[in-house]
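Remarks on the structure that follows.
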Amino acid sequence: MIKSLLKKIYHLLKKILAYLNYFILVHNPFKKYVHPEFNADSLPFIDQVNFSIEKIINNLPPTPNLPYNLEEKLEFFRENGYVVLENILPNENLDKIWSEIEYVTENNEKFNILGLAHRFNDQKETPINLIPKDKIKGIGTRFIDFHDSSLTAKNILAHPNLVPFLQASLSPNITVFQSLIFKYSSQQSIHQDFPWVTTKIPSHLVAAWIPMEDVHIDAGPLFYYPKSHRIPKFDFGRTGIIYKEDQSLFSPDDFSKYLLRTCNKLQLKKEVLLIKKGDVLIWHGALAHGGMPINDPKRTRKSFVVHYSTTDGLSQHRRADFPEKNPDKFNGVTIFSNPLLIHLKDFFK
Ligand SMILES: O=C(O)CCC(=O)C(=O)O
Ligand SMILES: [Fe+2]
């Protein structure tokens, strides 16, 4: 009782201090405060209003035989911050990735691929051979950068039906920042990705949400707020638009509240993603989104999430200390090798 009261007082004082510090930051007479934003000089062309979609497409390698109208999809993406590309990926390959994940789960003691499990090791990324099997199988688990170890995963994330869209939305020189595989909804609260998924150029970020089964409404679908990619950026205080646990004045929770408040104020309407296996959702690095709560815990929501950046934003694997000499290219996508998992590189062929 006293302990929880003390905890509440501590958090309240911390918050007051954060606001006080922020006030000083904003009103500092010696340093003009500028509300943080993406750097205008390095914005992808699609986010530069006077750059036409036609011009963007003309800058790309030729894109014959796409099963969708690239120009229309890009216009929609530019305006709404997301788009769905229907029926563009082969089901057999999606099934293959999932069977690899099942193998890795059943034989976790052999793999030090990173994972994250609910209420395990302080929610820190942990090699899966150190996570108990029942935890790995539970709700809240994610496999991190599985594509490092799977050729099929690499071929899916660099599928020829996907790459031209990604190149047009970022730059012809795209790379993978990180990938995640979920069996169940993440149930994550509303957020934008760029404060966490950070490269040298925070605006160089798009993500693909690739279902490995049709999404059921009770499985905790992904949700998002169309057009929220244009709302003013949240200022974390001291660290600008990027979150740094040890330096930012404000917390991820403050960030979520800001996003919800701003989306509601601007009357942006929440949408829930009920797409089918083979479809892909692409979302802008600044689109507000999250995972709905799971209504039926028996319902899985197998999905593969890939965060892409450009080679200007990220010039090596994010776990590497040195640049790689000749990184692999899959259909135009640079995929750096993970120096910590070389023994598992393309383990699954
Ligand atoms: O799939 C989900 O539930 C959320 C995933 C997500 O927000 C992300 O990976 O950035
Ligand atoms: Fe996210």
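All of the numbers you see were taken from the coordinates with simple rules; none came from a lab. This is a predicted model, so every value here is computed, not measured. With ideal geometry, Cβ positions are generated from the backbone for all residues, glycine too; neighbour counts draw on all protein chains shown.
FRET efficiency for ASP346 and ILE2, Cβ-Cβ distance as r, R0 = 45 Å, nearest 0.05? Kindly include the intermediate steps, with their values, before the conclusion.
On the way: r = 56 Å, r/R0 = 1.24.
E(calc), rounded to 0.05, equals 0.20.
Run lengths n ≥ 4 of DSSP H only: what is the helix-derived mean residue ellipticity at 222 nm for the chain, with -39500 (n - 2.57) per run over all residues, to the nearest 500? Please list the in-between numbers first.
Values: 8 runs with 91 residues, N = 349.
So the helix-based figure for the chain works out to -8000 deg cm²/dmol.
Between LYS55 and ARG238, what is the label-point separation in nm under the 7 Å Cα-to-beta-carbon projection?
Rounded to a tenth, the inter-label distance reads 4.1 nm.
If you take the beta carbon distance between VAL26 and LYS200 as r and set R0 to 22 Å, what does 1/(1 + (r/R0)^6) give as a FRET efficiency, to the nearest 0.05?
Working: r = 26 Å, r/R0 = 1.20.
It comes to 0.25.
Would you give the gap between the C-alpha center of region 3-35 and the C-alpha center of region 78-133, rounded to a whole Å?
Going from one Cα centre to the other spans 38 Å.
Would you mind telling me the antiparallel percentage of the DSSP bridges in the chain, rounded to 5?
Of the beta bridges lying entirely in the chain, close to 90 percent run antiparallel.
Figure the gain on full extension for HIS35 and GLN188 (residue separation times 0.36 nm, minus the Cα-Cα span) and round it to one decimal in nm.
Numbers: separation 153, 0.36 × 153 = 55.08 nm, distance 2.69 nm.
52.4 nm is the gain from fully extending HIS35 to GLN188.
Can you give the charge dipole size of region 268-349 about its Cα centre, rounded to the nearest 20 debye, using +1 on the beta carbon of Lys and Arg and -1 on the beta carbon of Asp and Glu?
On the way: 14 positive and 8 negative charges, 94 e Å.
Rounded to the nearest 20 debye, it is 440 debye.
Highest GNM mean-square fluctuation, the chain, Cα pairs closer than 10 Å: which of GLU79, GLU213, GLU245?
Answer for the Gaussian network model of the chain: GLU245.
What is the distance, in nm, between label points placed 7 Å from the Cα along the Cα-to-Cβ direction at TYR19 and at ASN326?
It works out to 6.0 nm between the two label points.
Ranked highest first by the average count of other Cβ atoms within 10 Å around their residues, in what order do 274-286, 251-263 fall? Kindly include the intermediate steps, with their values, before the conclusion.
Working: 274-286: 21.2, 251-263: 16.5.
Highest mean packing first, the order is 274-286, 251-263.
Can you tell me which of 226-233, 23-30 comes out highest on packing, and rank the rest after it, using the mean Cβ neighbours within 10 Å?
Numbers: 226-233: 18.0, 23-30: 9.0.
Result, highest mean Cβ count within 10 Å first: 226-233, 23-30.
When the label point is put 7 Å from the Cα of SER42 along its Cα-to-beta-carbon vector, which residues of region 300-343 have a backbone N closer than 14 Å?
Inside the label zone: 309-316.
Straight distance only, please: which lysines reach the Cα of LYS277 with their own Cα at less than 20 Å, same-chain residues fewer than 8 apart left out?
Reachable lysines: LYS73, LYS96, LYS154, LYS183, LYS298, LYS302.
Mind listing the phi-derived Karplus ³J(HN,Hα) values for region 264-275, rounded to whole Hz, using 6.51, -1.76 and 1.60 with θ = phi - 60°, and x for any glycine or proline?
Couplings: 5, 4, 8, 6, 7, 9, 5, 10, 10, 8, 10, 9 Hz.
With contacts defined as alpha carbon pairs under 8 Å and 6 or more residues apart, what's the relative contact order of the chain in percent? Intermediate values should be presented prior to the final figure.
Numbers: 650 pairs, mean separation 86.3, N = 349.
With pairs under 8 Å counted, the relative contact order is 25 percent.
Return VAL49, VAL206, VAL215 ranked ascending by Cβ neighbour count within 10 Å, so the fewest neighbours appear first.
Working: VAL49 8, VAL206 27, VAL215 23.
The order, fewest Cβ neighbours first, is VAL49, VAL215, VAL206.
If I stretch the segment between ASN107 and ASP246 completely, what's the gain in nm (0.36 nm per residue apart, minus their alpha carbon distance), one decimal?
Details: separation 139, 0.36 × 139 = 50.04 nm, distance 3.63 nm.
So the extension gain works out to 46.4 nm.
Would you work out which of ALA208, TYR243, PHE347 lies farthest towards the positive end of the dipole of the chain? Charges go on Cβ: Lys and Arg +1, Asp and Glu -1.
So the residue we want is TYR243.
For the peptides 267-273, 297-303, what is the packing order when you average, over each peptide's residues, the other Cβ atoms within 10 Å and list the highest mean first?
Details: 267-273: 14.0, 297-303: 17.9.
Those peptides, ordered most packed to least, come out 297-303, 267-273.
Could you line up SER315, SER169, SER203 from fewest to most neighbouring Cβ atoms inside 10 Å?
SER315, SER203, SER169
Whole-Hz ³J(HN,Hα) for each residue in region 338-349, computed from phi via Karplus 6.51 cos²θ - 1.76 cosθ + 1.60 with θ = phi - 60°, x for glycine and proline: what do you get?
Values, residue by residue: 8, x, 7, 10, 4, 5, 10, 4, 6, 3, 9, 8 Hz.
Any chance you could run the full-extension gain for GLU125 through GLU79? It's 0.36 nm times the residue separation minus the Cα-Cα distance, nm to one decimal.
Details: separation 46, 0.36 × 46 = 16.56 nm, distance 3.50 nm.
Between GLU125 and GLU79, full extension yields an extra 13.1 nm.
Which order do TYR243, TYR10 fall in if you start with the one that has the fewest other Cβ atoms within 10 Å? Don't jump to the answer; show the numbers that get you there.
Numbers: TYR243 19, TYR10 10.
In order of increasing Cβ crowding within 10 Å: TYR10, TYR243.
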